Amino acid sequence: MENGGAPRALILFGSPGSGKGTQAKLLQICLGAPQARNGGAASANATSGASPDGSGSAPHISTGDMLREHIQAGDALGQEVAAVMRAGMLVSDDLVNRLVEDRIQRPDSAQGFILDGYPRTLPQARVLGDMLRRRGVSPVVVHLKVDYNEIISRLSGRRQCPLCKTLYNLGTNPPKVDEICDVDGTGLVTRPDDSEAVIRQRLEEYEFQTRPLLDFFRSSGYPFHEVNGSGRSKQTIANEICSLVAGNP
Ligand code: ADP
């Protein structure tokens, strides 16, 4: 996400089910290194997802995906967070801060990156602010707004490919073949925290811990955009975000 100036961090902000993960994947080329974007100008055709070899596309840094990978691997970190995530609560700030700090130190993050699901608390936002300042990375925030009832129906119909992490929704964005990933043919899974009781808990965490960050972002003077995340195709939404971010060098 180097746009001729400082590298940028796109902070995709919104409630669970607002489409952050889907948008992050579609925006990787748009926010990647300029040479990967057909001559450099951000445009509608610059939002077609990651390039096949990953080069020139901004890394999609999803703290939820990273934590789930640790749970899948059965390592110590995974064992530490599994019960908390299953209950729909937030894991500790220190732990996710360390995960993100390690991830953005990798060379592929040097041109910029997309944050999905982080920061989620005020302490995380402050730590992220320091990390970005130290590295000379400029933040830009996009708030994906989706109506509460739609969020509930999206989350309860959600499926994910355990291999490539592509997200589907049985109602609004189904795979071509029932329960099979379009990209790699793997059987789709339902996340254990997508049951109704846990969805409500996650939305509560969002209201109390995460939504207050909107004021933090505004008062920090970060470039900030509100985007309507419902009633339009995911590609249309990605194109809008791409143009908005292109306007914030
Ligand atoms: P969603 O946005 O749909 O809730 P995520 O995959 O982003 O899904 O997060 C799933 C779970 O992972 C959260 O409910 C929480 O337990 C944990 N998690 C992810 N990111 C963070 C974070 N930044 N801080 C604390 N917990 C997190």
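The values are calculated or read from the model by the stated rules, or taken from the named source; none is laboratory data. These figures come from a predicted structure and were not determined experimentally. Note: ideal-geometry Cβ built from the backbone for every residue, glycine included; neighbour counts use all protein chains shown.
General remarks:
- Top-ranked residue in region 162-196 [being in contact with a Gly (Cβ under 7 Å, 6 or more places away or on another chain) and among the aliphatic types (A, V, I, L, M); ranked as nearest to the ligand (Cβ to nearest atom)]: L167
- Close pairs (6 angstrom Cβ cut-off, 6 or more residues apart or separate chains): under 19 Å from A83 (Cβ atoms) and modelled with pLDDT of 95 or more in region 184-210, among the basic types (K, R) and assigned to a helix (DSSP H, G or I) anywhere: none
- Filter pass, I114 being in contact (Cβ under 8 Å) with a residue 60 or more places away in the chain and closer than 16 Å to P7 by Cβ: yes
- When region 109-130 is filtered for residues that are over 17 Å from the mean Cα position of the chain (by Cα), in a helix (DSSP H, G or I) and away from the ligand (no atom under 12 Å from the Cβ), the ones remaining, listed by number, are R126, G129, D130.
- Once region 153-165 is narrowed to residues that are assigned to a helix (DSSP H, G or I) and touching a residue at least 40 places away in the same chain (Cβ under 8 Å), the residue that is surrounded by the fewest Cβ atoms within 10 Å (Cβ to Cβ) is S156.
- Among the residues making up region 136-152, those that are surrounded by 15 or more Cβ atoms within 10 Å (Cβ to Cβ) and in a helix (DSSP H, G or I) are E150, I151, I152.
- Subset of region 197-215 (residues that are within 14 Å of the ligand (Cβ to nearest atom), under 30 Å from V127 (Cα atoms) and of a type in the set (A, V, I, L, M, F, W, C)): V198, I199, L203, F208, L213
- Residue satisfying all of: in region 76-108; in a loop (DSSP other than H, G, I, E, B), near the ligand (Cβ under 7 Å from one of its atoms) and of a type outside the set (G, A, S); surrounded by the fewest Cβ atoms within 10 Å (Cβ to Cβ) among these: M89
- A search for C-beta distances below 8 Å between a residue of region 60-72 that is over 17 Å from E101 (Cβ atoms) and more than 6 Å from the ligand (Cβ to nearest atom) and any residue that is β-branched (V, I, T) and in a helix (DSSP H, G or I), counting only pairs 6+ apart in sequence or on different chains, returns I71/V81.
- Looking only at region 1-54, and only at residues there that are part of a loop (DSSP other than H, G, I, E, B) and hydroxyl-bearing (S, T, Y), the one that is modelled with the lowest pLDDT: S43
- Scanning region 167-177 for residues that are modelled with pLDDT under 95 and either of a type in the set (D, E) or over 14 Å from S153 (Cα atoms) (or both) turns up just one, L167.
- Region 85-104 residues that are under 24 Å from I199 (Cα atoms), paired with ones that are more than 9 Å from the ligand (Cβ to nearest atom) and in a helix (DSSP H, G or I) (beta carbon under 7 Å, 6 or more apart): R86/P192; D93/P123; N97/V127
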